[in-house]
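Peer 1: Pasting in a structure now, in structure tokens, and then I'll have a few things to ask.
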Amino acid sequence: MEFRLLGEVEAWAEDRQLDLGPPQQRLVLAVLALQVNRLVSVDRLVDLTWPESPPQTARHAIHVRVSRLRAILAMAGAHHDGVSIATRGPRYILRADPASVDAHRFRALVTAARAEAHNPDLQASLLRRALNLWRGPPLADVATPRVEELCRPLKEARLTALEEWLDAELRLGRHEEVIDELADLVVAHPHRQRLLAHLMLALYRAGRAPEALAAYQLARRRLIDEFGLEPGSELQKLQRAILRGDPALDLPPERPTT
């Protein structure tokens, strides 16, 4: 049994996708899966399902949806994988292996990658595997403003993992390969200065120092116009290093193998 939250909400039993019912029912399963093996109150599920004005029957409706989800999981043989939805007073808990939930598998892969900082090749591979789990915005088909808030830490974790993957790629000398992706990311996330620093370094190592400096100036004008702020000290330091052609920016030579 596999639960997919990094995109539209899905559940799979082997190679068969389960019909999870209407959006509000899928949302209940998604919240339980995000908090797998942790108790989630009915009040929390009501609040996420009806953030403005829940109907008087809201708590009953949650119970009905959980009952239907139990039936769907039972029909799919979820018990063979140790998957169940249990009741503990006014709370529910999805019991399952966290590795069966893509959001938790993503975090585990990122954690494993961070332990391999000495091995950028393996680190990049683990981070790429983690990022490849994403099919779109989390809980894409059940999103509400309250759900967006719930997913904000997950979205931030994805961007941080992406920055770390790009850092590993640059350490491996793959600057040419990531320039186009970096340029798109800087446009999509103009206030993430680490992405801009990666783009500037990639352009510089590709022999395109004028473009690296132009990217800095464009970002600087945007920061000043929108926030009245100068770029951070690390970004300014990188700009000065590019201006003087600092050899420290060059890719370190490979260590000889013994």
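Peer 1: Under the √(5λ) rule applied to the eigenvalues of the Cα gyration tensor, what semi-axes describe the equivalent ellipsoid of the range 7-48? Give them in Å, descending.
Peer 2: 21, 12, 7
Peer 1: I would also like to ask the following. Normalise the Cα radius of gyration of the range 189-258 by 2.2 N^0.38 Å (N = residues in it) and let me know the number.
Peer 2: 1.25
Peer 1: Between the helical axis of 58-75 and the dominant principal axis of the chain, each derived from Cα atoms, what acute angle in degrees is found, rounded to the nearest 10?
Peer 2: The answer is roughly 90 degrees.
Peer 1: For helix 209-227, what angle does its Cα long axis make with the longest principal axis of the chain, in degrees from 0 to 90 and rounded to 10?
Peer 2: 60
Peer 1: Using amide H atoms built in the peptide plane, which far-off residues or other-chain residues are under 5 Å from VAL101 H to H?
Peer 2: Amide H neighbours of VAL101: PHE3.
Peer 1: For the chain, with all protein chains present and a 1.4 Å probe, just round the carbon and sulfur fraction of the accessible area to a whole percent.
Peer 2: Exposed carbon and sulfur together represent 51 percent of the surface.
Peer 1: Next question, about the same structure. Extending each Cα 7 Å along its Cβ direction at ARG16 and ASN119, get the distance between those two points in nm, one decimal.
Peer 2: Taking the two extended label points, one gets 3.9 nm.
Peer 1: Output the 0 to 90 degree angle, nearest 10, between the alpha-carbon long axis of helix 233-243 and the longest principal axis computed from the alpha carbons of the chain.
Peer 2: In the chain, helix 233-243 runs at an angle near 40 degrees to the longest axis.
Peer 1: With θ taken as phi - 60° and the coefficients 6.51, -1.76 and 1.60, list the Karplus ³J(HN,Hα) couplings across the range 97-103 in order, rounded to whole Hz; mark glycine and proline as x.
Peer 2: 5, x, 5, 7, 10, 4, 5
Peer 1: For the chain, compute Rg over Rh where Rg is the Cα radius of gyration and Rh is the Kirkwood radius from the inverse mean 1/r over Cα pairs.
Peer 2: 1.09
Peer 1: Report the residues of the range 37-70 in range of a label on GLN24: point 7 Å along Cα→C-beta, backbone N strictly under 13 Å from it.
Peer 2: Of the residues in the range 37-70, 45-66 have backbone N under 13 Å from the label point off GLN24.
Peer 1: Once you have the Kirkwood Rh of the range 6-141 from its Cα pairs, apply Stokes-Einstein at 37 °C and 0.692 mPa s and quote D in µm²/s.
Peer 2: Answer, rounded: 203 µm²/s.
Peer 1: If you don't mind, there's one more thing I want to ask. Find the accessible area per residue for the range 22-120; the probe is 1.4 Å, ligands and nucleic acids are left out, and the unit is Å². Present the calculation step by step, with values, prior to reporting the outcome.
Peer 2: Working: 5040 Å² over 99 residues.
For the range 22-120, the per-residue accessible area is 51 Å².
Peer 1: Seen from all sides and averaged, what is the projected area of the convex hull of the Cα atoms in the range 86-163, in nm²?
Peer 2: Convex hull of Cα atoms, orientation-averaged projection: 6.5 nm².
Peer 1: Identify, among ALA33, ALA61, LEU20, the residue whose Cα sits farthest towards the positive end of the charge dipole of the range 1-63, taking +1 on the Cβ of Lys and Arg and -1 on the Cβ of Asp and Glu, with the dipole about the Cα centre.
Peer 2: Most positive-ward Cα: ALA61.
Peer 1: Residue by residue through the range 171-188, which ³J(HN,Hα) values in whole Hz follow from phi under the Karplus form 6.51 cos²θ - 1.76 cosθ + 1.60 (θ = phi - 60°), with glycine and proline marked x?
Peer 2: 5, 8, x, 9, 5, 4, 5, 9, 4, 4, 5, 4, 4, 5, 5, 5, 5, 6
Peer 1: What nm distance separates the two modelled labels at ALA112 and SER67, each placed 7 Å from Cα along Cα→Cβ?
Peer 2: Label at ALA112, label at SER67, 4.1 nm between them.
Peer 1: Shifting gears a bit: Quick one: what are the phi-derived ³J(HN,Hα) couplings along the range 111-120, Karplus 6.51/-1.76/1.60 with θ = phi - 60°, whole Hz, x for glycine and proline?
Peer 2: 4, 4, 5, 5, 7, 10, 4, 6, 10, x
Peer 1: Between GLU149 and PHE227, what FRET efficiency comes out of the Förster formula 1/(1 + (r/R0)^6) with R0 = 22 Å and r the beta carbon distance, rounded to 0.05?
Peer 2: Approximately 0.45, to the nearest 0.05.
Peer 1: Moving on to the next point. Set Lys and Arg Cβ to +1 and Asp and Glu Cβ to -1, take the dipole of the range 61-220 about its Cα centre, and tell me which of PRO138, TYR216, ALA183 lies farthest positive.
Peer 2: PRO138
Peer 1: Another question, if that's okay. Between ALA140 and TRP50, what FRET efficiency comes out of the Förster formula 1/(1 + (r/R0)^6) with R0 = 22 Å and r the beta carbon distance, rounded to 0.05?
Peer 2: Step by step, r from the Cβ atoms, then E = 0.65.
The values are calculated or read from the model by the stated rules, or taken from the named source; none is laboratory data. Here the structure is a predicted model, which means the values were calculated and not measured. Don't worry about glycine lacking a Cβ; one is built from the backbone with ideal geometry, like all the others, and counts go over all protein chains shown. To get the accessible areas, we keep the full protein, side chains included, count just its heavy atoms, and leave off ligands, DNA and RNA. Shrake-Rupley method; radii C 1.70, N 1.55, O 1.52, S 1.80 Å.
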